[in-house]
Amino acid sequence: MRSASLIRLAAALALSAFTSARPRAAEPPPNIVLIFVDNLGNGDVGFGGSKLHRTPNLDRMAAEGTRFTSFYVASGVCTPSRASLLTGCYPRRVNLHVSGAGLPVLRPVDTKGLNPDETTIAETLQAAGYATGIFGKWHLGDQPRFLPTRQGFDTFFGIPYSDDMTPGPGPKAGFPELPLMRDETVIEAPVDRDHLVRRCTEEVIAFIGRHAERPFFIYLPHTMPGSTAHPFSSPAFRGRSRNGPYGDAVEELDWSAGEILAALRRLGLDRRTLVIWTSDNGAVRRNPAQGSCAPYKGWGYDTSEGAMRMPCVMRWLGRIPAGRVTDEVCSTLDLLPTFAGLAGAALPTRAIDGHDIHPLLFGRPEAKSPWDEKGFCYYFGPQLQAVRSGPWKLYLPLENKLVALNGRRAPAPAVLYDVRHDVGEETEVSARQPDVVKRLKAMAEKTRRVIGDDDLPGTGQRPAGHEPNPVPIRSAAKRS
């Protein structure tokens, strides 16, 4: 009797082992909605601590998803930040850390653009059968071969560069009217910037409806709060906030996120869609202040925490833990390889810098940041200025540190902060942690050799796209 029981138990265990070893039925790849707002800081949204702006939709998204409190862009400036997001590469690797004229960002009629030989998120997912669309601000080259529709996007609705790049005196002389484009055609010039957030949101919802039966990738790089001193918003939001035009724009961005989430629910796509909401760089210093990067130190347009440590929520009902907060270091550099892994898509054949962080997304207990071993590096234009590993951020000692967009330089010592626990960088600890300083300097040196630093070329750098004879985008239609 005992022998028969043992045989039955052995058979049951064998069957269990066979069953668990069988591959699970393939799950359909997720839809992906990536919302990337412009010049907005961590302290501008409710889940980031704002008591000034009302962001109920984003706060609900944070409650339904996971907040990433050490989520970094690869640049505190617009063009390089967007280049790194789409390619998974440090901006200097793809030579979009500066414009063709050596300026911090691309301008209208620039000679530079994202090299068509690079592989974008859109191309990666398009090859895996995704419908791909971009709605908002591109800013990676306005010449025809640099446009989104040549870089993996099935459709483009938006503006080719920043909302403040309009005709004017001095450096703006010769700029064309700010165009609104559909695919490669100008449909309005000048565009009515008051309605860009609303119109891009409506285009996104229509795109979701058209592609509800197949996987889709939506990149929504919103144009607001934008680069002008007076952000734009629809009349329905104007004057409603407690923070002037800036607050109005933030609250319309919250409305936009809510409309998109509602559309996903309405179409039964909630549990099939990963939605990510973050910003391209921190709020810009204004006088008087408009935005907030709190609790982080600094403002947009440099390598401070305020400039590069972004508010970030990721939501995928049933897959990403709800109400969770993680402080593991991750970056927009990680989005391309992570999306490729989720979609079953091939990675680019060229070297990239990001990592597949899906264990962090799914809240696996053993998941740790891959950046802790190699160090996440902070570049300002061509210059490597800081590195982070685990809780530690080392600002490198530099004799000629770039300290402003206009190219001004000044000497700077090595300083070390525990930015996990001392988020305001109030206590400098380099003298107490010499081994940490040494380790982080070594990490920076490894990156410097590959990516480059100031006048030192890197072994892994690649050329940007180059158009020797750029021409302005000419209007195909006038706004009446």
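What to note about this one:
- Which listed residue is without any contact (Cβ under 8 Å) to a residue 40 or more places away in the chain and in contact with a helix residue (DSSP H, G or I) (Cβ under 9 Å, 6 or more places away or on another chain), from 391, 397: 397
- Residues in region 254-307 that are under 16 Å from residue 219 (Cα atoms) and in a loop (DSSP other than H, G, I, E, B): 280 only.
- Meets criteria (charged (D, E, K, R) and more than 22 Å from the chain's Cα centre (by Cα)) for residue 319: no
- With respect to (1) in contact with a strand residue (DSSP E or B) (Cβ under 6 Å, 6 or more places away or on another chain); (2) polar (S, T, N, Q); (3) exposed (fewer than 15 other Cβ atoms within 10 Å of the Cβ); (4) under 25 Å from residue 122 (Cα atoms), the lone exception for residue 400 is condition (4).
- Residues in region 268-305 that are free of Cβ contacts under 8 Å to residues at least 60 places away in the same chain and among the basic types (Lys, Arg): 271, 285, 286.
- Qualifying residue in region 334-343 (condition: part of a strand (DSSP E or B) and under 19 Å from residue 77 (Cα atoms)): no
- Restricting the first member to region 248-264 and to residues that are touching a residue at least 12 places away in the same chain (Cβ under 8 Å) and of a type in the set (D, E, K, R), and the second to residues that are in a helix (DSSP H, G or I) and surrounded by fewer than 23 Cβ atoms within 10 Å (Cβ to Cβ), the beta-carbon pairs closer than 7 Å and six or more apart or on different chains are 254/56; 254/57; 259/205.
- On inspection, residue 178 passes the criterion of being without any contact (Cβ under 8 Å) to a residue 24 or more places away in the chain, touching a strand residue (DSSP E or B) at 6+ places or on another chain (Cβ under 8 Å) and either surrounded by fewer than 16 Cβ atoms within 10 Å (Cβ to Cβ) or under 24 Å from residue 106 (Cβ atoms) (or both).
- Check on residue 412, modelled with pLDDT of 95 or more and either surrounded by 15 or more Cβ atoms within 10 Å (Cβ to Cβ) or under 23 Å from the mean Cα position of the chain (by Cα) (or both): yes
- Test: residue in region 334-341 that is in contact (Cβ under 8 Å) with a residue 60 or more places away in the chain and under 22 Å from residue 40 (Cβ atoms): yes
- Long-range neighbours under 8 Å by Cβ, at least six apart or interchain, first residue without any contact (Cβ under 8 Å) to a residue 60 or more places away in the chain and at negative phi within region 402-415, second assigned to a strand (DSSP E or B) and exposed (fewer than 13 other Cβ atoms within 10 Å of the Cβ): 409/400; 410/400; 411/399; 411/400
- Residue pairs whose Cβ atoms lie under 7 Å apart, sitting 6 or more positions apart in sequence or on different chains, and linking a residue in region 140-162 that is at positive phi to a partner that is part of a strand (DSSP E or B) and not polar (S, T, N, Q), are 141/112; 141/113; 141/465; 158/134; 158/135; 158/136; 158/137; 158/181.
Residues checked against (1) out of contact with any Asp or Glu (no Cβ under 8 Å at 6 or more places or on another chain); (2) among the aliphatic types (A, V, I, L, M); (3) on the phi > 0 side of the Ramachandran plot; (4) crowded, with 21+ Cβ neighbours inside 10 Å:
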{"position": "247", "(1), (2), (3), (4)": "yes, no, no, yes"}
{"position": "250", "(1), (2), (3), (4)": "no, yes, no, yes"}
{"position": "253", "(1), (2), (3), (4)": "yes, yes, no, yes"}
{"position": "257", "(1), (2), (3), (4)": "yes, yes, no, yes"}
{"position": "262", "(1), (2), (3), (4)": "yes, yes, no, no"}
{"position": "266", "(1), (2), (3), (4)": "yes, no, no, no"}
{"position": "270", "(1), (2), (3), (4)": "yes, no, no, no"}
{"position": "279", "(1), (2), (3), (4)": "no, no, no, yes"}
{"position": "282", "(1), (2), (3), (4)": "yes, no, no, yes"}
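- Filter result for residue 154 (out of contact with any Leu (no Cβ under 6 Å at 6 or more places or on another chain) and closer than 24 Å to residue 34 by Cα): yes
- Of all the criteria given as (1) part of a loop (DSSP other than H, G, I, E, B); (2) at pLDDT 95 or above; (3) touching a Pro at 6+ places or on another chain (Cβ under 9 Å); (4) farther than 22 Å from residue 135 by Cβ, the one not satisfied by residue 43 is (1).
- Any hit, region 306-318, residues being touching a helix residue (DSSP H, G or I) at 6+ places or on another chain (Cβ under 9 Å), surrounded by fewer than 23 Cβ atoms within 10 Å (Cβ to Cβ) and in contact (Cβ under 8 Å) with a residue 40 or more places away in the chain: yes
- Taken over region 83-100, residues that are assigned to a loop (DSSP other than H, G, I, E, B) and surrounded by 24 or more Cβ atoms within 10 Å (Cβ to Cβ) amount to 9.
The values are calculated or read from the model by the stated rules, or taken from the named source; none is laboratory data. Every value quoted in this text rests on a predicted model; they were computed, and no experiment measured them. Glycine also receives a Cβ, built like all others from the backbone with ideal geometry; neighbour counts cover every protein chain displayed.
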